[in-house]
Amino acid sequence: MTKKNKLTAIPYVLWLFLFVLAPIALLIYKSFFDIDGNATLANYGTYFTSWTYLKMSVNSVIYAAIITAVTLVISYPTAYFLTKLKHKQLWLMLIILPTWINLLLKAYAFIGIFGQSGAVNGFLNFMGLGSQQILFTDFSFIFVATYIEIPFMVLPIFNAIDEIDGDLIKAGYDLGTTRLQNFSQIIFPLSMNGVRSGVQAVFIPSLSLFMLTRLIGGNRVITLGTAIEEHFLVTQNWGMGATIGMVLIITMFVVMYLTRERGGKA
């Protein structure tokens, strides 16, 4: 059985090496070279001394935090009520279904919805409020990003709540707790693992969004993902792009550490 387990682990180890470890190693290597191919530490010095890059980093964290918070506020009650429905797995599948659609197609769909001749402005004109500039704003960017990330928050929270032993909830009522007390003292604490997983699944990708910043934010929303794209595809300064990528990866590991499950307190 041990030999069999080792053989079945080979594809996973190869995948981990080729698509996780090797790209990170390449990023680390490239981050120590300037645009002319000379070995240097100047990229890191530039990043940590440039107000532009530091402001971009703060913006990335703020936008990711807002998107995560809005997504959590929408997703938790949604996941909770889904667990109470008769055909909950069917409703869950309907929420997850939009993730099967290409991100670019969804972005262009929202461009049509929020555009000057789109459905939203058409409704505003019908109500006599006149057209509004909705596209290329912070609101449109956060709205679309939240819509895209909701399934990734709903799924882990739904699983965490659905796995709670119903006898614990009944025991709480038997002990005289109200519905609110039962939720705050039993259901919510026991679902925190799902919340942590959801926060990781939303916050980390939101740090590096670049397609939505261009198509929906109209380049008014600048994040680290945008800077990486610029350096790799426009300025061809791969060293600086790799440096920003390394900072982003370290930030992701910090977020994962801060939102990890605390074994002693769980």
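The values are calculated or read from the model by the stated rules, or taken from the named source; none is laboratory data. What you see is a predicted model; the values in this text were computed from it and never measured. Because the Cβ atoms are built from the backbone with ideal geometry, glycine has one as well, and the counts that use them run over all protein chains shown. What goes into the accessible areas is simple: the full protein's heavy atoms, side chains included, and nothing from ligands, DNA or RNA. Shrake-Rupley method; radii C 1.70, N 1.55, O 1.52, S 1.80 Å.
Normalising the Debye intensity of the stretch 198-266 to I(0), with uniform scatterers on Cα atoms only, and taking log10 at q = 0.14, 0.15, 0.17, 0.28 Å⁻¹ returns -0.50, -0.56, -0.67, -1.18.
Only Cα sites of the stretch 126-185 enter the Debye sum here, all with the same form factor; the resulting log10 I(q)/I(0) across q = 0.16, 0.17, 0.23, 0.26 1/Å is -0.71, -0.74, -0.96, -1.04, listed in q order.
With Cα atoms defining each centre, the stretch 33-108 and the stretch 193-266 are spaced 7 Å apart in the structure.
Could you pull out the longest piece of the chain with no exposed loop GluC sites (Glu not before Pro) in it, calling a site exposed if DSSP puts it outside H, G, I, E, B and it has at most 14 other Cβ atoms within 10 Å? Of all site-free stretches, the longest is 1-162.
Note down the net charge around Leu212, summing +1 for each Lys or Arg and -1 for each Asp or Glu among other residues with Cβ under 11 Å from its Cβ. It works out to a net charge of +1.
The calculated 222 nm mean residue ellipticity attributable to helices in the chain amounts to -22000 deg cm²/dmol, summing -39500 (n - 2.57) over DSSP H runs of n ≥ 4 and dividing by all residues.
On the stretch 20-76, 76 percent of the accessible area sits on carbon and sulfur atoms, based on a 1.4 Å probe. Relative to the Cα centre, the charge distribution of the chain, modelled as +1 at Lys and Arg Cβ and -1 at Asp and Glu Cβ, gives a dipole magnitude of about 540 debye. Could you sort out which of Lys86/Lys170; Lys6/Lys86; Lys6/Lys30 sit more than 31 Å apart by Cα distance in this structure? Among Lys86/Lys170; Lys6/Lys86; Lys6/Lys30, the Cα-Cα distance tops 31 Å for Lys6/Lys86; Lys6/Lys30.
Under 19 Å from a point 7 Å along the Cα-to-Cβ line of Gln133: which residues of the stretch 196-226 have their amide N that close? Answer for the stretch 196-226: 213-222. Taking 7 Å steps out from each Cα toward its Cβ at Gln89 and Thr46 produces label points 5.4 nm apart.
Taking the Cα atoms of the chain, the ratio Rg/Rh between the radius of gyration and the Kirkwood radius comes to 1.04. When Ile24, Ile250, Ile67 are compared by accessible area at a 1.4 angstrom probe, the order from most to least is Ile250, Ile24, Ile67.
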